[in-house]
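Engineer: Sharing a structure here in structure tokens format.
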Amino acid sequence: MNIMMNTSNPKTATAVEWLYGYICEIALDNENAERLKWLYEQAKAIEKQQILNAHLTGLIHPLEKEATSQAQDYYNENYY
């Protein structure tokens with residue numbers, strides 16, 4: 001499996017995919033190829049979770065800030 005960075009659309013390759021593509025160009029015996037594939041799958045899973053977490057943080061943080069502001073306004077208008 002040789003995954004190379006798509007130069008026409010570089011956003012399609014993650015850093016892990018890009019690195020894996022270049023590493024696969026090195027001649028590997030079967031034992032090392034299987035190990036590399038396992039490491040690649042583990043790295044992809046970690047990278048996916050990091051990307052999802054970063055995206056969710058970017059979505060949630062502004063909402064938390066707005067919700068906190070609204071709650072403070074509600075308190076000040078009704079109880080202060």
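Engineer: How do the pairs read when you match residues in segment 16-27 that are within 18 Å of Ile51 (Cβ to Cβ) with residues anywhere that are at pLDDT 85 or above and in a helix (DSSP H, G or I), using Cβ under 8 Å and keeping only pairs 6 or more apart or on different chains?
Structural biologist: Val16/Tyr40; Val16/Ala43; Val16/Lys44; Val16/Glu47; Glu17/Lys44; Tyr20/Leu36; Tyr20/Tyr40; Tyr20/Ala43
Engineer: Filter segment 47-76 for residues that are under 24 Å from the mean Cα position of the chain (by Cα) and of a type in the set (Gly, Ala, Ser) and give the result. Lay out the reasoning, then the answer.
Structural biologist: Pass one, segment 47-76, residues under 24 Å from the mean Cα position of the chain (by Cα): 47-65.
Of everything in segment 47-76, those that are under 24 Å from the mean Cα position of the chain (by Cα) and of a type in the set (Gly, Ala, Ser) turn out to be Ala54, Gly58.
Matching residues to (1) outside any helix (DSSP H, G or I); (2) out of contact with any helix residue (DSSP H, G or I) (no Cβ under 9 Å at 6 or more places or on another chain); (3) within 20 Å of Thr14 (Cβ to Cβ); (4) β-branched (Val, Ile, Thr):
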{"position": "Asn32", "(1), (2), (3), (4)": "no, yes, no, no"}
{"position": "Tyr40", "(1), (2), (3), (4)": "no, no, yes, no"}
{"position": "Ala45", "(1), (2), (3), (4)": "no, yes, yes, no"}
{"position": "Ala54", "(1), (2), (3), (4)": "no, yes, yes, no"}
{"position": "Ala67", "(1), (2), (3), (4)": "no, yes, no, no"}
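Engineer: Six or more apart or on different chains, Cβ under 7 Å: which pairs go from a residue in segment 35-58 that's touching a residue at least 60 places away in the same chain (Cβ under 8 Å) to one that's of a type in the set (Lys, Arg) and assigned to a helix (DSSP H, G or I)? Could you list them?
Structural biologist: Hits for this filter: zero, empty list.
The values are calculated or read from the model by the stated rules, or taken from the named source; none is laboratory data. Being a predicted model, the structure only gives us computed values, none of them experimental. A quick note on method: Cβ atoms are made from the backbone with ideal geometry, for glycine too, and the neighbour counts reach across all protein chains shown.
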